Amino acid sequence: MTRPNNINPVEWEQGLVIARSICAEFFKNGGKPIDALKAYGIYHISSHPNWQVAIDNIAYVKCTRHTEKFAA
């Protein structure tokens, strides 16, 4: 996934770093990408995502969750 236009480039890179760290921990412990997604509260993904899909989606959620709080 390329950086969405509505996300600051620096924030996106930080989100990717965090997402990679999360996924690395699951990978190290024998988990699958779907496990990392579910642990982070992402359930609307295809049944067989790969690690890049997991990283991108976790980064996107990480970058957009705080903006939802301010919109309320």
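Would you check if there is a residue in segment 52-72 being modelled with pLDDT under 95, touching a helix residue (DSSP H, G or I) at 6+ places or on another chain (Cβ under 9 Å) and not in a helix (DSSP H, G or I)? Checked against the condition, which is being modelled with pLDDT under 95, touching a helix residue (DSSP H, G or I) at 6+ places or on another chain (Cβ under 9 Å) and not in a helix (DSSP H, G or I), segment 52-72 yields no hits at all.
Residue check: Ile7 meets all listed conditions (1) hydrophobic (A, V, I, L, M, F, W, C); (2) in contact with a Lys or Arg (Cβ under 9 Å, 6 or more places away or on another chain); (3) not in a helix (DSSP H, G or I) but one, namely (2).
When Val17 is tested against (1) assigned to a loop (DSSP other than H, G, I, E, B); (2) surrounded by fewer than 17 Cβ atoms within 10 Å (Cβ to Cβ), only condition (1) is not met. Give segment 21-39 a look and list any residue that's surrounded by fewer than 17 Cβ atoms within 10 Å (Cβ to Cβ) and in contact (Cβ under 8 Å) with a residue 12 or more places away in the chain, or say none. Phe27, Ala39, listed by residue number.
What residue, among those in segment 40-51 that are surrounded by 10 or more Cβ atoms within 10 Å (Cβ to Cβ) and assigned to a loop (DSSP other than H, G, I, E, B), is modelled with the lowest pLDDT?
Ile45
The values are calculated or read from the model by the stated rules, or taken from the named source; none is laboratory data. All values reported here derive from a predicted model rather than from experimental measurement. Here the Cβ is made from the backbone with ideal geometry for all residues, glycine too, and neighbour counts use every protein chain on show.
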